[in-house]
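Trainee: Before I ask anything, here is the structure I am working with.
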Amino acid sequence: MKLATLSAALFFHSFTYGQNIIYKQTNKILEYNYGVVDTAGMRKLSEIEKIKYELKFVEKSYSETIFQNYDSEFEIKIDSNEYEQSWMKLAKRYKYTNAGMELYDGNNTLMKTIAYTPEQLTARTEKKDDIRDNGFHPGLVSFPEFAPAVITQLATQNVIVTTLPTGEVKVVDNGETTTYNKAKNTIVTEFTNKDGVKCKITDGYEPYGTNGGYLHRIQKSERQIYSDNGPCITVTKLTYYNDYNIQDDGGLMAKASDALETVTVFPNPSDGVFTAKVQLGLNRTISSVKVVNLLNGSVTNIDNNGQTTFLVNLPNLPSGNYALQVLTSTQKLLSVNFIKL
């Protein structure tokens, strides 16, 4: 789970007591922050800038708990911070309660409470309702598949997809370049931010269970910046996510996966030759695929070759309205209507 995602999620949680826990996730977050500076560049830095770009190591513990009424509690505790200056007086623990965000010092003494804005309170309520209705997904990712028909469709939206000789897939969209390497389980994103600074983010993942997606394991964030005396620094942050422990007594992950399961076809309408893409939940597979004529109920079985993205080649179907139906390993039926021209 990316730190940016974690930070955004901070405002979505409430604190409660005396309830059964139906979901809990804990893990360690290790951060290394440093600036790579050449000798000439270091001489350009002021003393204040040198402090800013010293190597800093931060170890955090992350905990998120969801209770029976779908209220949740979120906490990040900073266990260590090497090179921290005493005058910084940084908070060591951040806890999100009904009253707001609580900040504690190293002695676990409450330093201050920051009240939520009306927008944050609304977001917290919406998050609770969403967990109740759709379950909870702890930030697992999946690697996209780029079948030829998908690439053609994206090209109409000015998104360029290129498969490199290394097997990596490069996607260029609105000035942002993303490179997927499924063999190494890495995703690299390069872009220029609103301040004109070149940025590069490399994310590494590991599989979670069988067909369960990928858990975030490492992120390397790099950006070119300027000192008072000109360009000289590449700021780098390495973040490691360790010791994942996910307890899901309420089946919230399975419920979230059910909500995410879909089947789509493109192009639609078509001449009977089209690509189908099935999104499955955790530990799910496809049991069967069929095309149903909505006028007379006739059925044509489809062999998907064990793939979640596959070609349907039925050019001899009579013109009309049809449904592509996918039965999952949990006996859930996914269906999408399409038109044969």
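The values are calculated or read from the model by the stated rules, or taken from the named source; none is laboratory data. Since we're looking at a predicted model, the values are computed, not measured. In this analysis, Cβ positions are derived from the backbone assuming ideal geometry, glycine residues included, and neighbour counts consider all displayed protein chains.
Trainee: Quick one: would you say Asn185 is of a type in the set (S, T, N, Q) and either in contact (Cβ under 8 Å) with a residue 24 or more places away in the chain or farther than 30 Å from Asn245 by Cα (or both)?
Mentor: Working: of a type in the set (S, T, N, Q): yes; either in contact (Cβ under 8 Å) with a residue 24 or more places away in the chain or farther than 30 Å from Asn245 by Cα (or both): yes.
The answer is yes for Asn185.
Trainee: Scanning for something in contact (Cβ under 8 Å) with a residue 12 or more places away in the chain, farther than 21 Å from Val278 by Cβ and over 18 Å from the mean Cα position of the chain (by Cα), does the range 144-153 turn up at least one residue?
Mentor: No, because not a single residue in the range 144-153 is in contact (Cβ under 8 Å) with a residue 12 or more places away in the chain, farther than 21 Å from Val278 by Cβ and over 18 Å from the mean Cα position of the chain (by Cα).
Trainee: What's the total number of residues in the range 181-197 that are over 25 Å from Pro165 (Cβ atoms) and of a type in the set (D, E, K, R)?
Mentor: Step one: list which residues in the range 181-197 are over 25 Å from Pro165 (Cβ atoms), which gives 192-197.
From what is left, the residues that are of a type in the set (D, E, K, R) are 194-195.
Here the count works out to 2.
Trainee: Here are some residues: Leu121, Leu103, Leu110. Which one is in contact with a strand residue (DSSP E or B) (Cβ under 9 Å, 6 or more places away or on another chain), free of Cβ contacts under 8 Å to residues at least 12 places away in the same chain and assigned by TED's automatic domain parsing to the domain that holds Asp248?
Mentor: After applying the criteria, what remains is Leu110.
Trainee: If a residue must be outside any strand (DSSP E or B), touching an Asp or Glu at 6+ places or on another chain (Cβ under 9 Å) and closer than 21 Å to Leu280 by Cα, how many such residues does the range 307-338 contain?
Mentor: Selection size over the range 307-338: 4.
Trainee: So if I check each of Gly167, Gly139, Gly196, which one is surrounded by 13 or more Cβ atoms within 10 Å (Cβ to Cβ) and of a type in the set (Gly, Ala, Ser)? Explain how you work it out, then say what you get.
Mentor: On the way: Gly167 fails: surrounded by 13 or more Cβ atoms within 10 Å (Cβ to Cβ); Gly196 fails: surrounded by 13 or more Cβ atoms within 10 Å (Cβ to Cβ).
None of the others qualify; the one that does is Gly139.
Trainee: Limited to the range 126-177, what total is found for residues that are closer than 29 Å to Lys194 by Cβ and among the β-branched types (Val, Ile, Thr)?
Mentor: 10
Trainee: I would also like to ask the following. Sort out which residues of the range 97-149 are part of a loop (DSSP other than H, G, I, E, B) and in contact with a Gly (Cβ under 7 Å, 6 or more places away or on another chain), and write them in order of number. Full working, then the answer.
Mentor: Step one: filter the range 97-149 for residues part of a loop (DSSP other than H, G, I, E, B), giving 98-99, 105-109, 115-117, 135-140, 142-147.
Matches in the range 97-149: Ala115, Tyr116, Leu140, Ser142.
Trainee: Here is a further query. Give Asn283, Asn268, Asn304 a once-over and let me know the one that is surrounded by 12 or more Cβ atoms within 10 Å (Cβ to Cβ), among the polar types (S, T, N, Q), touching a Ser or Thr at 6+ places or on another chain (Cβ under 7 Å) and in a loop (DSSP other than H, G, I, E, B). Spell out the reasoning first.
Mentor: Working: Asn268 fails: touching a Ser or Thr at 6+ places or on another chain (Cβ under 7 Å); Asn304 fails: touching a Ser or Thr at 6+ places or on another chain (Cβ under 7 Å).
When all the criteria are applied, what remains is Asn283.
Trainee: Filter the range 136-162 for residues that are at pLDDT 90 or above and farther than 19 Å from Phe266 by Cβ and give the result.
Mentor: Phe136, Thr162, listed by residue number.
Trainee: May I pose another question? Output the residues belonging to the range 84-112 that are at pLDDT below 90 and out of contact with any Phe, Trp or Tyr (no Cβ under 7 Å at 6 or more places or on another chain).
Mentor: Of everything in the range 84-112, those that are at pLDDT below 90 and out of contact with any Phe, Trp or Tyr (no Cβ under 7 Å at 6 or more places or on another chain) turn out to be Glu84, Gln85, Ser86, Trp87, Met88, Lys89, Leu90, Ala99, Asp105, Gly106, Asn107.
Trainee: Could you check, for the range 7-18, whether at least one of its residues is modelled with pLDDT of 80 or more and in the same structural domain as Thr239 (by TED's automatic domain parsing)?
Mentor: Our first condition is that a residue be modelled with pLDDT of 80 or more; within the range 7-18, this holds for none.
For the range 7-18, residues modelled with pLDDT of 80 or more and in the same structural domain as Thr239 (by TED's automatic domain parsing): absent.
Trainee: Does Gln331 qualify as being touching a residue at least 24 places away in the same chain (Cβ under 8 Å) and touching a helix residue (DSSP H, G or I) at 6+ places or on another chain (Cβ under 7 Å)? Please lay out each step first, then the result.
Mentor: Values: touching a residue at least 24 places away in the same chain (Cβ under 8 Å): yes; touching a helix residue (DSSP H, G or I) at 6+ places or on another chain (Cβ under 7 Å): no.
No.
Trainee: Does Val291 qualify as being of a type in the set (Val, Ile, Thr), assigned to a strand (DSSP E or B) and at pLDDT 95 or above? Spell out the reasoning first.
Mentor: Values: of a type in the set (Val, Ile, Thr): yes; assigned to a strand (DSSP E or B): yes; at pLDDT 95 or above: yes.
When the stated conditions are applied, Val291 passes them.
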